[in-house]
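Undergrad: Would you mind keeping the following structure in view while I ask a few things?
Derivation of every value follows stated rules applied to the coordinates shown; laboratory data play no part. None of the values given here were measured: they were computed from a predicted structure. Every residue, glycine among them, receives a Cβ derived from its backbone with ideal geometry; neighbour counts consider all protein chains shown.
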Amino acid sequence: QVQLVESGGGLVQPGGSLRLSCAASGSIFRFAVLAWYRQAPGKQRELVATISKGGETAYASSVKGRFTISRDNAKNTMYLQMDSLKLEDAAIYYCNLDLGARVYWGQGTQVTVSS
């Protein structure tokens with residue numbers, strides 16, 4: 001069983017930055033495709049960014065150029081560096097670990113963007 005624990009959320013002003021972390025248990029981290037999703041109140045959960053086993057990244061158009069996803073396989077940790085935050089980035093952010101046959105989710109971390 002894999003457990004994912006997100007951290008780093010909080011309150012930030014528009015234009016500010018936050019760095020989210022997702023720590024995974026177990027030894028399968030480096031074999032997984034990783035992703036960050038987010039869900040704002042009243043909206044569906046949406047994909048924010050992904051990173052492959054080899055480190056290739058992809059981003060939603062709404063965050064491209066502002067967010068950076070990365071992974072440290074030695075630490076079993078994934079990150080999301082969020083810069084130039086906008087009001088519409090406010091949401092609960094979830095990390096996702098995809099092994100193909102199994103998918104795991106973290107419990108989420110709240111990001112609030114407000115002046």
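Undergrad: Normalised by the residues of segment 48-111, what does the relative contact order come to in percent, with Cα pairs under 8 Å and at least six apart?
TA: On the way: 72 pairs, mean separation 12.8, N = 64.
Dividing the mean separation by the residue count of segment 48-111 yields 20 percent.
Undergrad: Apply the a/c threshold of 1.5 to the C-alpha gyration tensor of segment 23-66 and tell me whether it is rounded, prolate or oblate.
TA: Working: a/c = 3.33, a/b = 1.52, b/c = 2.19.
Oblate, since a/c reaches 1.5 and b/c is not below a/b.
Undergrad: Which of the lysines could a cross-linker span from Lys75 if the Cα-Cα distance has to be under 22 Å and same-chain partners fewer than 8 positions apart are dropped?
TA: Leaving aside lysines fewer than 8 places away in the same chain, those within reach of Lys75 are Lys53.
Undergrad: A further question follows. List the lysines whose alpha-carbon lies under 18 Å from that of Lys43, not counting same-chain residues fewer than 8 positions away?
TA: Partners found: Lys86.
Undergrad: Let me ask you something else. About the Cα centre of segment 20-96, what is the dipole size in debye to 20, counting +1 per Lys and Arg Cβ and -1 per Asp and Glu Cβ, all else neutral?
TA: Numbers: 10 positive and 6 negative charges, 23 e Å.
With Lys and Arg at +1 and Asp and Glu at -1, about 100 debye.
Undergrad: Say R0 is 30 Å: what FRET efficiency, to the nearest 0.05, do Arg30 and Ser115 get from their beta-carbon distance? List each step's numbers first, then the result.
TA: Numbers: r = 40 Å, r/R0 = 1.34.
Once the sixth-power term is evaluated, E becomes 0.15.
Undergrad: Over what distance in Å are the Cα centres of segment 55-109 and segment 7-25 separated?
TA: Taking the Cα centre of each part, segment 55-109 and segment 7-25 sit 10 Å apart.
Undergrad: Given a cut-off of under 8 Å on Cα pairs at least six residues apart, what relative contact order in percent is computed for the chain? Mind dumping the intermediate values first?
TA: Values: 272 pairs, mean separation 41.9, N = 115.
The value is 36 percent.
Undergrad: Name the shape class, rounded, prolate or oblate, that the alpha-carbon gyration tensor gives for the chain, where a ≥ b ≥ c are the square roots of its eigenvalues, rounded holds for a/c under 1.5, and otherwise prolate holds if a/b is larger than b/c and oblate otherwise. Walk me through the numbers before you get to the answer.
TA: Values: a/c = 1.82, a/b = 1.68, b/c = 1.08.
Note, shape of the chain comes out prolate.
Undergrad: A further question on this structure: When you count, for each residue, the other Cβ atoms within 10 Å and take the mean per peptide, how do 7-16, 72-81 rank with the highest first? Let's see the in-between values first.
TA: Working: 7-16: 13.9, 72-81: 17.3.
The packing order, highest mean first, is 72-81, 7-16.
Undergrad: Taking K and R as +1 and D and E as -1, what net charge do the other residues with C-beta under 15 Å from the C-beta of Ala24 add up to? It would help to have the intermediate numbers written out before the result.
TA: Working: positive: Arg30, Lys53, Arg71, Lys75, Arg102; negative: Glu6, Asp72, Asp98.
It works out to a net charge of +2.
Undergrad: Now for a different question. Explain nothing, just the number: relative contact order of segment 27-70, from Cα pairs under 8 Å at least 6 residues apart, as a whole percent.
TA: Working: 51 pairs, mean separation 13.3, N = 44.
So the answer I get is 30 percent.
Undergrad: Kindly list the residues of segment 74-112 that lie in the label zone of Ser62, defined by a backbone N under 18 Å from the point 7 Å along the Cα-to-C-beta vector.
TA: The answer is 80-96, 108-112, whose backbone nitrogens lie closer than 18 Å to the label point.
Undergrad: In addition: Pull up the DSSP beta bridges for the chain and report the antiparallel fraction as a percent, rounded to 5. Mind dumping the intermediate values first?
TA: Working: 37 of 40 bridges.
Given both bridge residues lie in the chain, the antiparallel proportion sits at roughly 90 percent.
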